[in-house]
Each structure stands twice: as structure tokens, then as C-alpha cells.
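Student: I have a structure here, written as C-alpha cells, and I will follow up with some questions on it.
The values are calculated or read from the model by the stated rules, or taken from the named source; none is laboratory data. In this text the structure is predicted, and so the values were computed from the model without any measurement. Glycine also receives a Cβ, built like all others from the backbone with ideal geometry; neighbour counts cover every protein chain displayed.
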């Protein structure tokens, strides 16, 4: 009886190992303190930090005042917890 249980346990261990290799890797936790900017990785479903962001002062952007103002208003609404459009 012990031999058959040992054989069954070995088969179960092999099965568990095989199924574990098929599973997707765990999704990394997002530490919002790592960066100022993040990119959403939809397939695994997590935020990936962007460590180097090219920044342009919003006052330097010319010829797109209306769109800039809409974007700024949308961002402020989103940050305040109100409804906002995707950008």
C-alpha cells in the first residue's frame, strides 16, 4: 500500500510541476514610488514604471492651446476623481 501511495505522490508531483510551468508568470506589484510615469501593460495587467521621461514644459507648447487646455482639464478631472476621457 505504501509503495502505491509513493508512486501516486510522485506522479502527482510531476503533474503539479508540469501544470506550474504552463501557468503565466505572476504579475509584478506596482510600486508607485518607483517613477513619475507608468505604462499600462494590458496582457499581464500591470503598470510598468518609466524611469526616464522626456519632459516639455507645458508653457512651451504652441499652436495647440485648445487641445492642451482640454488635456490639462481632463487630467485635473481624472486626478480629482471625476469622470475623464482616455488620452
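Student: Here are the criteria: (1) modelled with pLDDT under 90; (2) more than 20 Å from the chain's Cα centre (by Cα). Tell me which single one residue 45 does not satisfy.
Tutor: Failed condition: (2).
Student: Could you list, in sequence order, all residues of the stretch 48-68 that are surrounded by 10 or more Cβ atoms within 10 Å (Cβ to Cβ) and within 16 Å of the chain's Cα centre (by Cα)?
Tutor: The answer is 48, 49, 50.
Student: Let me ask something else. With (1) modelled with pLDDT of 85 or more; (2) under 26 Å from the mean Cα position of the chain (by Cα) as the list, and residue 11 as the residue in question, which single condition is left unmet?
Tutor: Result: residue 11 fails condition (2) only.
Residue-wise test of (1) at pLDDT 85 or above; (2) in contact with a strand residue (DSSP E or B) (Cβ under 6 Å, 6 or more places away or on another chain); (3) surrounded by 10 or more Cβ atoms within 10 Å (Cβ to Cβ); (4) assigned to a loop (DSSP other than H, G, I, E, B).
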position: 21; (1), (2), (3), (4): yes, no, no, no
position: 28; (1), (2), (3), (4): no, yes, yes, yes
position: 70; (1), (2), (3), (4): yes, no, yes, no
position: 81; (1), (2), (3), (4): yes, no, no, yes
